[in-house]
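S.K.: Please read through the structure below; I'll follow up with questions.
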Amino acid sequence: MKGRLLKIEFNISALRGTRAHEHLLRFGLGGLATVCAGLIAKRFGPITGGLFLAFPAIFPAAATMLEKHEKEKKEKVGSDGSRRGREAAALDALGATLGSIGLCAFALMMWRYLPLHSSGLTFSLAMGAWLVISGSLWLLRKQA
């Protein structure tokens, strides 16, 4: 993929290309992960439960669906879309990685400041930290 650019854009019409069961799978996995984290927290305490709340429940389903859809689009025009599908999923993984680094900043801000300040203020500061760190990493990635 070196030397080639993959266009990244927001396309609301792409929602029509997904099926209802795919959305149910994504949200179902996310909900299941949250329930499991709650049960773990109840049994082993909130610190352990918090570790499991960070599990990327939606990402695996999203990455596999993205790869499948990109491959299908290329096959419709007569090309083998395997490589394109893998590249799109890899870019999605890069975005998830950058967002996860920002999520670490969010969690640290919440952990450090929630005992000292109101939840609204702390949440706002933590959200700002996530946005600044994730956004800065994305911009730096684009410059590399």
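S.K.: Please find, within segment 57-68, the residue that is farthest from residue 96 (Cα to Cα) out of those that are surrounded by 17 or more Cβ atoms within 10 Å (Cβ to Cβ) and not aliphatic (A, V, I, L, M).
M.R.: 67
S.K.: List every residue pair whose Cβ atoms lie under 8 Å apart, where the two residues are 6 or more positions apart in sequence or sit on different chains, the first residue falls within segment 72-97 and is at pLDDT below 85 and of a type outside the set (Gly, Ala, Ser), and the second residue, located anywhere, is open to solvent by 80 Å² or more (accessible area, probe 1.4 Å) and not in a helix (DSSP H, G or I).
M.R.: 74/80
S.K.: For residues in segment 98-122 being within 21 Å of residue 55 (Cβ to Cβ) and not aliphatic (A, V, I, L, M), which is most open to solvent (accessible area, probe 1.4 Å)?
M.R.: 111
S.K.: A further question follows. Quick check on segment 123-143: of everything there that is open to solvent by less than 40 Å² (accessible area, probe 1.4 Å) and of a type outside the set (A, V, I, L, M), which residue is farthest from residue 60 (Cα to Cα)?
M.R.: Top of the filtered list is 128.
S.K.: Something else now. Six or more apart or on different chains, Cβ atoms under 9 Å: show the pairs whose first residue is in segment 24-47 and farther than 17 Å from residue 58 by Cβ and whose second is of a type in the set (Ser, Thr, Tyr) and assigned to a helix (DSSP H, G or I).
M.R.: Every condition considered, the pairs that remain are 40/48; 41/48.
S.K.: Follow-up question, since we're still on this one. When you check residue 41 against the structure, is it at pLDDT 75 or above, farther than 18 Å from residue 88 by Cβ and either assigned to a helix (DSSP H, G or I) or open to solvent by less than 100 Å² (accessible area, probe 1.4 Å) (or both), yes or no?
M.R.: Yes: the conditions hold for residue 41.
The values are calculated or read from the model by the stated rules, or taken from the named source; none is laboratory data. The structure presented is a predicted model; accordingly, all values stated were derived computationally and were not measured. Reconstructed Cβ throughout: ideal geometry from the backbone, glycine too, with neighbour counts over all protein chains shown. Each accessible area value is taken on the protein alone, full model and side chains, heavy atoms only, with ligands, DNA and RNA left out. Shrake-Rupley method; radii C 1.70, N 1.55, O 1.52, S 1.80 Å.
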